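Have a look at the structure below before the remarks.
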Amino acid sequence: MTTTNRGVLVAATVATGLMAGTFYAFACAVMPALSRSDDRVYVDVMRDVNDVIQNPVFLPVFVGALLLAGWASWQVRHRPERWWVWAGAAAYAAAFVITSAINVPLNDALAEPGDPASLRAHFEDTWVLWNGVRAALCTIAMGCLAAGSRAG
């Protein structure tokens, strides 16, 4: 594996790890803490989080992990470690799709005006469930990418 190929794979692994950590922090700390809040506080805080997370630090890593994992997959397509890298890229792609198709639309719905109790009822359980799934997928992706890096 060339230095450039290894660099792309390491960058993909790091970016995926950052996303795994982000979703993990929500799963084990942020959402359990917010679950103790009343409906108004819950909705207001999640609206604020959904607003501030769209920033020049988070978004490049969120999208970059997908692009880097895809690039790394292409680079190792003829190498024995390709299966690890492909599995990692697929797991991250699944987390990306879940975020885009489920979590983001839930965030958008939460931003709409309405009764906080009703907004929360339509948001919390589904968002928390799928956040756990994407945290697990990103963790799997990171492990697979790391294994692919070690194999090469």
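The values are calculated or read from the model by the stated rules, or taken from the named source; none is laboratory data. Keep in mind that what you see is a predicted model, and the values were worked out from it rather than measured. Note that we place each Cβ from the backbone using ideal geometry, even for glycine, and neighbour counts take in every protein chain shown. SASA here: full protein model, heavy atoms, side chains in, ligands and nucleic acids out. Shrake-Rupley method; radii C 1.70, N 1.55, O 1.52, S 1.80 Å.
Figures for the structure shown
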read-out: Number of the exception - Gln54 against (1) outside any helix (DSSP H, G or I); (2) of a type in the set (S, T, N, Q); (3) touching a Cys at 6+ places or on another chain (Cβ under 9 Å); value: (3)
read-out: Test: Ala141 is assigned to a helix (DSSP H, G or I), within 16 Å of the chain's Cα centre (by Cα), free of Cβ contacts under 8 Å to residues at least 12 places away in the same chain and over 19 Å from Ala33 (Cβ atoms); value: no
read-out: Test for Val43: is it of a type in the set (Val, Ile, Thr) and open to solvent by less than 70 Å² (accessible area, probe 1.4 Å); value: yes
read-out: Test: residue in segment 64-76 that is open to solvent by less than 70 Å² (accessible area, probe 1.4 Å) and without any contact (Cβ under 8 Å) to a residue 24 or more places away in the chain; value: yes
read-out: Test for Glu112: is it part of a loop (DSSP other than H, G, I, E, B), over 12 Å from the mean Cα position of the chain (by Cα) and at pLDDT 95 or above; value: yes
read-out: Lone unmet requirement of (1) under 16 Å from the mean Cα position of the chain (by Cα); (2) touching a residue at least 40 places away in the same chain (Cβ under 8 Å); (3) surrounded by fewer than 18 Cβ atoms within 10 Å (Cβ to Cβ) for Ala87; value: (3)
read-out: Failed criterion for Ala146 (all others in (1) open to solvent by 40 Å² or more (accessible area, probe 1.4 Å); (2) in contact with a helix residue (DSSP H, G or I) (Cβ under 6 Å, 6 or more places away or on another chain); (3) among the small types (Gly, Ala, Ser); (4) closer than 22 Å to Val43 by Cα hold); value: (4)
read-out: Filtered residues of segment 13-32 (kept if farther than 14 Å from Phe96 by Cα and open to solvent by less than 30 Å² (accessible area, probe 1.4 Å)); value: Thr13, Phe26, Met31
read-out: Verdict on Val128 being within 18 Å of the chain's Cα centre (by Cα) and touching a residue at least 60 places away in the same chain (Cβ under 8 Å); value: yes
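Conditions tested, residue by residue: (1) of a type in the set (Gly, Ala, Ser); (2) without any contact (Cβ under 8 Å) to a residue 12 or more places away in the chain; (3) under 24 Å from Phe23 (Cβ atoms); (4) in contact with a Phe, Trp or Tyr (Cβ under 6 Å, 6 or more places away or on another chain).
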position: Ala93; (1), (2), (3), (4): yes, no, yes, no
position: Thr99; (1), (2), (3), (4): no, no, yes, no
position: Ile102; (1), (2), (3), (4): no, no, yes, yes
position: Pro116; (1), (2), (3), (4): no, no, no, no
position: Ala121; (1), (2), (3), (4): yes, yes, yes, no
